[in-house]
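Working notes, beginning with the structure itself.
What follows is calculated from the coordinates using simple rules that are stated; it is not laboratory data. Note that the coordinates shown come from a computational prediction; the quantities given were computed from them, not determined experimentally. Here Cβ is always computed from backbone atoms with ideal geometry, including for glycine, and neighbour counts include all displayed protein chains.
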Amino acid sequence: MIRVSVLYPFKEGGKFDHDYYRDKHIPLVKDKLGSALREASIDKGIAGGAPDAPLPFSCIGYLIFNSIEDFQQAFGPVAGDIMGDIPNYTDIEPILQISEIVQ
């Protein structure tokens, strides 16, 4: 299985609407990706790793697929719809990482 992590770095003065992301964007992603998407979850950043450390990420979204091929086949045709929704909740450019789940 693979995990697609969508990381939104914290940006001073940046916009991130967590309610929209949770209530509108993730349901859109689930609808567009269909049965290829096994699971989706969200982490809302609240603190850095040490006292008074800056927050590294405002939000991280996680999408689970059986394989990278399943992700690519599901995402390719709907990428414009999903990516086009980003300005509705943030002005932060996301970073994507695809990882193999090993445990």
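Tabulated values for the structure
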{"read-out": "Separation in nanometres of the label points that stand 7 Å from Cα toward Cβ, at LEU28 and ILE82", "value": "1.2 nm"}
{"read-out": "The stretch 60-82 and the stretch 1-47: distance between their alpha carbon centers, rounded to Å", "value": "12 Å"}
{"read-out": "16 Å reach of a label modelled at ALA50, 7 Å along Cα-to-Cβ, counting backbone N of the stretch 1-32", "value": "none"}
{"read-out": "Relative contact order of the stretch 2-100, defined on C-alpha pairs under 8 angstrom at six or more residues apart (%)", "value": "51 percent"}
{"read-out": "Segment GLN73-VAL102, length gained on full extension (0.36 nm per residue, minus Cα span)", "value": "8.2 nm"}
{"read-out": "Whichever lysines have a C-alpha closer than 19 Å to that of LYS30, once near sequence neighbours (fewer than 8 apart) are set aside", "value": "LYS44"}
